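Since the structure comes first, as structure tokens, the remarks are kept for the end.
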Amino acid sequence: MFSTQTLEEVIRNSGVLSGRPPTADGWHNVKCAVCNDYKIRGGFKFEPEGVGYHCFNCGTTAVHKNTSRKFSDAMMKVITSFGIDLDAARGTLFSAFASESSEPPPKIDKRLLPAPTIELPPTMFPLNPEKHERYVNYIESRGLSVDSWRWYVSVPGDREWANRLIVPIYNHRDQLVFFQGRTIIKDKKRWHTPQLRKTSVIFQHKKLYTHGESVIVCEGVFDALSVDGVAILGSSFSDYHLAELNKFRGKKIIVPNKDENGYQMALEALEAGFSLAFPDIGSCGDLNEAVVQYGKLYVEDQIYQTVAEGELARFKLSIWTNNS
Ligand SMILES: [Zn+2]
């Protein structure tokens, strides 16, 4: 089926516009997602013949005519940077040339597509601290407060998700894109995840769209919550992870877990030009454990004091992993 939508409609439906009326010249002003600007210096303009975009900060200029068969590189950059629904945007292209030829649609780099938004299963509902004491105890045993995240739990009859603390994961627009369930019972598989692609999911994704000097990049959500960092839900960076992390201008700091996966993740991080840190956390295997043991203040201070880059980081990594 070919879409009858226009690119203008796709952009309007994707929620990137502010909702304020356009300027007298017809510009819908926005913060530019291409350069991740902190000021409103970009704008979309909609004409009967197509769509224009311009940013006064990075100079990105993109034009798309409704009759075009493909997006220009600049418009493609605008679409992906703003997280505009690429499938829907491509649908508008199909309708433009479907009547004329059977030429294949332009190739899109699937690896850089954002995760689609989802809804939690109806069996899940927000954790209520008054009622769900077992879950509260679990969260506190991990050194975290109940208010540190929007936790969910499942109804007891749900065989797949009962007795699991549900961790919803949102994209940088606060839309749900993934969730995980951490068992609070000892003798079970620790994490359970739905059958969804997680290579384009980042826990605390929003932090990458803020302006800070540094961000700590972790494997898992408990580590990330312990040090106010982000997590890639594993120990390997996807192309999407790297692209999103690089939108953050400050330092990306990885504290290698003292195991083989942690070592591999650190090597990938070095390859990407990120920083490593080697806090003195005794025999603790990860940051969450360290924060439970020594407190957040100490661990964060240790991280920032031991940041290293390049060859020095590589050298310290070899010592760090040999000593564990
Ligand atoms: Zn810009």
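I'd like the residue in segment 20-40 that is touching a Gly at 6+ places or on another chain (Cβ under 7 Å) and of a type outside the set (A, V, I, L, M, F, W, C) and, out of all such residues, is farthest from the ligand (Cβ to nearest atom). The qualifying residue farthest from the ligand (Cβ to nearest atom) is 28. Taking segment 129-211 as the region of interest, the strands (runs of 3 or more DSSP E) fully inside it that hold 3 or more residues being in contact with a Lys or Arg (Cβ under 8 Å, 6 or more places away or on another chain) and not basic (Lys, Arg) are 164-170, 176-183. Could you tell me whether any residue of segment 296-307 is at pLDDT below 95, touching a Phe, Trp or Tyr at 6+ places or on another chain (Cβ under 6 Å) and surrounded by fewer than 20 Cβ atoms within 10 Å (Cβ to Cβ)? Within segment 296-307, none of the residues are at pLDDT below 95, touching a Phe, Trp or Tyr at 6+ places or on another chain (Cβ under 6 Å) and surrounded by fewer than 20 Cβ atoms within 10 Å (Cβ to Cβ). Could you check, for segment 215-236, whether at least one of its residues is in contact (Cβ under 8 Å) with a residue 24 or more places away in the chain and more than 22 Å from the chain's Cα centre (by Cα)? No, because not a single residue in segment 215-236 is in contact (Cβ under 8 Å) with a residue 24 or more places away in the chain and more than 22 Å from the chain's Cα centre (by Cα). Among the residues in segment 252-262, are any of a type in the set (D, E, K, R), crowded, with 17+ Cβ neighbours inside 10 Å, free of Cβ contacts under 8 Å to residues at least 60 places away in the same chain and closer than 14 Å to residue 214 by Cβ? Yes; the residues of segment 252-262 include at least one that is of a type in the set (D, E, K, R), crowded, with 17+ Cβ neighbours inside 10 Å, free of Cβ contacts under 8 Å to residues at least 60 places away in the same chain and closer than 14 Å to residue 214 by Cβ.
Taking the numbered list (1) within 9 Å of the ligand (Cβ to nearest atom); (2) touching a residue at least 24 places away in the same chain (Cβ under 8 Å); (3) of a type in the set (Phe, Trp, Tyr) in turn, residue 56 passes all entries but (2). Being over 16 Å from residue 232 (Cα atoms) and out of contact with any helix residue (DSSP H, G or I) (no Cβ under 9 Å at 6 or more places or on another chain), is that true of even one residue in segment 212-219? So far as segment 212-219 goes, yes, one or more of its residues are over 16 Å from residue 232 (Cα atoms) and out of contact with any helix residue (DSSP H, G or I) (no Cβ under 9 Å at 6 or more places or on another chain). The residue that is surrounded by the fewest Cβ atoms within 10 Å (Cβ to Cβ), among those in segment 142-156 that are within 11 Å of residue 222 (Cα to Cα) and not hydrophobic (A, V, I, L, M, F, W, C), is 148.
The values are calculated or read from the model by the stated rules, or taken from the named source; none is laboratory data. In this text, all values refer to a predicted model and were calculated from it rather than measured experimentally. Positions of Cβ are backbone-derived with ideal geometry, glycine not excepted, and every protein chain shown enters the neighbour counts.
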